[in-house]
Amino acid sequence: MRSPIAGLIPRATDRPVVDVGLAADRLIQAYNAKDFDGMAAMIAADLDFAHFNRAFVLTSRDALLDVLRDFASQYVPDRHFEAPERVTVAGNIVVREAWYAGTAAIDLPGFGAKGEAFRLKFCSVMRFDADGILVEWKDHG
């Protein structure tokens, strides 16, 4: 008699298992270091990105990296994610709770006035493909 769970349990393959928690950490390290070329190698070209409470949606890695480059050079040069308070991994999804901090170089609504330091709590939901490439990134906070 065939088990009722046969076929539901994944079989071992020759493909190495990707540590998506580590992939998320590497992406954030590259972000903090302003290593946008490194980030490009970790993100799918057709990335699904949204920052919900800021009404910001993009569907392209290149568009996101353009925004991130501008933000890092013109708006908040010292911006960074702090060490996460919690990281939850479920399958190919990482939920990362961390503070996002920096000093506004210009008046930046929702962040701070020019010269003002800010610290905002973010919850980032990241989905990776089987190769550890980021395919979806949703920020809340």
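The values are calculated or read from the model by the stated rules, or taken from the named source; none is laboratory data. Not measured: the values here are computed from a predicted model. When we count neighbours, we look across all protein chains shown, and the Cβ atoms used for this are built from the backbone with ideal geometry, even at glycine. Surface areas here come from the heavy atoms of the whole protein model, side chains and all, with no ligands, DNA or RNA. Shrake-Rupley method; radii C 1.70, N 1.55, O 1.52, S 1.80 Å.
With respect to Leu65, is the statement that it is in contact with a helix residue (DSSP H, G or I) (Cβ under 7 Å, 6 or more places away or on another chain) and not in a loop (DSSP other than H, G, I, E, B) true?
Numbers: in contact with a helix residue (DSSP H, G or I) (Cβ under 7 Å, 6 or more places away or on another chain): yes; not in a loop (DSSP other than H, G, I, E, B): yes.
Yes, satisfied.
Do you know which of the residues in the stretch 105-122 that are of a type outside the set (Gly, Ala, Ser) and buried (at least 16 other Cβ atoms within 10 Å of the Cβ) is nearest to Val18 (Cα to Cα)?
Among those residues, the one meeting the criterion is Phe122.
Does Ala130 qualify as being surrounded by fewer than 16 Cβ atoms within 10 Å (Cβ to Cβ) and aliphatic (A, V, I, L, M)?
So Ala130 passes the test.
Mind checking which residues of the stretch 55-76 are out of contact with any strand residue (DSSP E or B) (no Cβ under 8 Å at 6 or more places or on another chain) and surrounded by fewer than 15 Cβ atoms within 10 Å (Cβ to Cβ)?
Correct list: Ala55, Ala63, Asp66, Arg69, Asp70, Ser73, Gln74.
Using beta carbons and a limit of 8 Å, which pairs, at least six apart or on different chains, have the first residue in the stretch 72-86 and under 16 Å from Glu116 (Cα atoms) and the second one open to solvent by 80 Å² or more (accessible area, probe 1.4 Å)?
Matching pairs, first to second residue: Ala72/Lys34.
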